[in-house]
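Each value in this text was obtained by applying a stated rule to the coordinates, not by laboratory testing. Quick caveat: nothing in here was measured; it's all calculated off a predicted structure. When we count neighbours, we look across all protein chains shown, and the Cβ atoms used for this are built from the backbone with ideal geometry, even at glycine.
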Amino acid sequence: MPSVKKIPFIKMHGLGNDFVVIDDFTKPAGFESPINEEIAIRMCDRRLGVGADQLLWIRKPSEDTPKADCEMLILNNDGSSAEMCGNGIRAVALLLYREGPKPKQKKYSIQTLAGLLEVEFPKEGEVRVSMGTAKLGEPAEKIRSEDRDFQFQEVSVGNPHAVIFLKEDLEKFPLEKYGRPIEIHSRFPKRTNVEFVEVVSRSKIRVRVWERGAGATLACGTGACAAAASAIAQKLVDSPVQVQLPGGELTISWTGKASDPVFMQGPATEVYRGEFRI
């Protein structure tokens, strides 16, 4: 009888945006878990697998990124790849801090498909991430979804976003009806994340996210950054901004200067550990 292979995993989340984390950075040199699109889909399945929005694969840094403490690769629950995940990088940072090769450091550098990003720990249970610069398009592009026209601003925070400000009740807004068609709209050849935003005050916004490759999520770190950057650029709010998501709050800071990075601060939580049979 053939032996059953098992993949150790850690279940984590950032404000309810949940992950299956595969840790290869603490393994011996040359070790690599058998992760691919099919495995990611199976593990992220909420009925037949572990259940998650994304799979995060933590590996030793490549030789061309000697300053990195680890590399983070992201697979969505549909098997597609993502350049960056704001909530996910906080989860990875927490693992580095607790049990990485250099535990309890004040700062780490994590290699992603969006570049090398720095994380630090301002207080217990909180991770602060330098998310890199935000690239903003025109603030009043128009797009049609189903039976409605929307104005949006395209924002890149390592991955693509379409930010839409609403004047109606965000809680009652039909996210799936309008979010999915925008994600796959021909305007976005690589698809896009979609943020629907309600401005509450000069210091707070509410955001609901339709995430590319994952659907409706309780939180999206890069989505919070994109929404806050768009709101700051349009002078609707002042920095720092409290971004209220269905799963909790993140604090986003940005000077508004194109050359300055966006900073995100929030929690990360480990839920449990286990093994997945393949």
Relative packing of peptides 10-21, 93-104 - highest average C-beta neighbours within 10 Å first = 10-21, 93-104
Candidate lysines - alpha carbon under 29 Å from Lys5, same-chain residues fewer than 8 apart omitted | Lys27, Lys60
What is the Cα centroid distance between region 9-54 and region 214-235, reported in whole angstrom?
-> 24 Å
Check cross-link reach from Lys257 to the aspartates and glutamates: straight Cα distance under 15 Å, and skip same-chain residues fewer than eight apart.
-> Asp238
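Of the DSSP beta bridges with both residues in region 9-89, give the percent that are antiparallel, rounding to the nearest 5. It would help to have the intermediate numbers written out before the result.
On the way: 13 of 18 bridges.
Antiparallel: roughly 70 percent of the beta bridges in region 9-89.
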What is the helix-to-structure angle for 221-233, meaning the angle in degrees between its Cα long axis and the longest Cα principal axis of the chain, kept from 0 to 90 and rounded to the nearest 10?
-> 30 degrees
Reachable aspartates and glutamates, given that their alpha-carbon falls under 13 Å from the alpha-carbon of Lys135 and they are not under 8 places away in the same chain = Glu154, Asp260
Filter on Lys11/Lys102; Lys142/Lys177; Lys102/Lys123; Lys107/Lys204 - keep pairs with C-alpha separation over 25 Å = Lys107/Lys204
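Explain nothing, just the number: relative contact order of the chain, from Cα pairs under 8 Å at least 6 residues apart, as a whole percent.
Values: 671 pairs, mean separation 58.1, N = 278.
Result for the chain is 21 percent.
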Taking only Cα atoms, what is the 0 to 90° angle, nearest 10, from helix 86-99's long axis to the longest principal axis of the chain?
-> 30 degrees
